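Nothing in this text is a laboratory measurement; each read-out follows from the coordinates by a stated rule. Because the structure is a prediction, the values reported are computed rather than measured. Neighbour counts are summed over all protein chains in view; Cβ atoms, including those assigned to glycine, are modelled from backbone coordinates with ideal geometry.
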């Protein structure tokens, strides 16, 4: 016997040994059931007979619906229908109850007038499935409306019937789509259910989802419930809960319209706009681009830009550096500094116009969005370690916890002091729009930050009882109420001065304050050339902001002359103005501008000293009277020169004077003093005066020697 024959013999023996006992077991089991009709003590024939007279019915329930803050529908349920052609009943063709082959042509002709299928395709589908019990018509035969169903029913075609299915409908179409998301049909073991796939529909799917009921009863030969029978089992159906959002449909619809206009004109990669009540954290409108109609779901972006995208915010970040400096008492609005460039180690930072605006006060640096001013504030006034503390106090190191899915955290690296400094004016660190809004709520109120949220409450669909309410939640108080007020005051000139970067955002009826931002975009460790994200965070009215709005536009398709404000200001102004009116905020006609700091010096020579002081203060000088004379004999700066708000005006009244405290004076001011009295000036160091050789109150004559030591403030 060869090896092949031996192998076949072994396989045969294995089959006999393994399968013979299994075969005998099943034969014996069927024999047992046939003779004794019993399994686990239950008579199988009696059980089968009993089950024959029972029936189970599913009790339907509905998914919860979504509404805006006023009860306007955003996502609702409507019936839809699936078309079915019954070709056989019990394997037989029944005239009048099934669609017969000779009726196919007429049925195809009629159905083609309603369905998006040709008469030829319909006839082909029927003929190819002639031997089946029933058929469907694919996508064209699904999601039929009530009107389509009624048209088909009017044809009175035998065997044509419908299966009702749930359908989610979004009456406003493109309307906060990234917030609401969508729900679509899912086949759950033959039962069609709606399941959330994005946004609130997904994150609250368990709350919105319905629970189907079950009804089991005895039936007669015709399948009808026996009136005399008791219910065997009934599980009540339960509708999903309704969700009411904080969105205001009036503001949201306007925002969507304006976002469409912006997106069509400038074609940015992404754009987002959010309107929030800073006192409660309620999001009253939110729109992203690109967006989609949840009814058709032609989706190109599955993310919510406001929470799932982080980017370097640019100069909007300066708001919080400013607030930190004010809170620590190191921001002096009228303190002068030299704009243009700032050296940190071996690196030199420039203002956006490279040369700066000369020597200007700090508050004007805020209006100009001067990187140099904010480098001084962060590095020399606050100190980088203290700035880092405020960065975390404003919660930029953690997610906001907004009730929207997909929120990401910021991205920062403070191991390098350089990164901390650059973060203070808006680069190096990436944050989300929602983090900016949450932090801004502290500026717009009493220094307390409110957590943003879009869910107002959850309501029992059947009883109307409120199941859950979202109350305003404080998440920190990084600054005092006084600091918040002073920060708003300092920001006023960004929008309402002739030199502010946000002049285009000013409204006629409400005083807007805010901060512009332009940030480079980093990819693969390098900044893209000529590619920017433009942003603006604004609030109104200034003294008691009712609303805060944030807009960001990523790489608009525009020429270099088109700035961020030109892209975004029309949207901001239209939406903010209407939104404030909707919220019954009284218009306030205020002066449109605050005066820029640069002025022309008038002469005070010959004016009495007290009168000269009053006039100088009225002209926004800090007057320094030198000597005990009754009238001014000389001054510095002199008539016709330009000066800035808060600048020192030296008024000479006699040939001798008592030395004032020079600590904190700039070198320029000391030189002016020396010129007025022909002093021999000896200078040691650079920056601001820290010590002087002639003490406070000591008498000084023309020609005296004055030694001063100057230092650049350190951390």
Legend entry - Cα-based shape type of region 599-711, given that a ≥ b ≥ c are square roots of the gyration tensor eigenvalues and the cut on a/c is 1.5: oblate
Inset, instruction - Please label the shape of region 59-245 as rounded, prolate or oblate, based on the square roots a ≥ b ≥ c of the eigenvalues of the alpha-carbon gyration tensor (a/c under 1.5 means rounded; beyond that, a/b larger than b/c means prolate, else oblate). - result: oblate
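Report the relative contact order of region 249-582, percent, no decimals, based on alpha-carbon pairs under 8 angstrom and at least 6 residues apart.
23 percent
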Legend entry - Antiparallel DSSP beta bridges within region 249-582, percent to nearest 5: 95 percent
Inset, instruction - Name the shape class, rounded, prolate or oblate, that the alpha-carbon gyration tensor gives for region 249-582, where a ≥ b ≥ c are the square roots of its eigenvalues, rounded holds for a/c under 1.5, and otherwise prolate holds if a/b is larger than b/c and oblate otherwise. - result: prolate
Inset, instruction - Between the alpha-carbon centers of region 375-399 and region 96-162, tell me the distance in whole angstrom. - result: 69 Å
Inset, instruction - Take the Cβ-Cβ distance between residue 250 and residue 409 as r, set R0 to 25 Å, and report the resulting FRET efficiency rounded to the nearest 0.05. - result: 0.15
Legend entry - Euclidean distance between Cα centres, region 335-359 to region 661-687, Å: 23 Å
Legend entry - Simple label model, 7 Å out from Cα along Cβ direction - residue 639 to residue 113, nm: 9.7 nm
Legend entry - Antiparallel bridges, percent of DSSP beta bridges restricted to region 599-711 (to nearest 5): 55 percent
Inset, instruction - Between the alpha-carbon centers of region 249-284 and region 408-446, tell me the distance in whole angstrom. - result: 22 Å
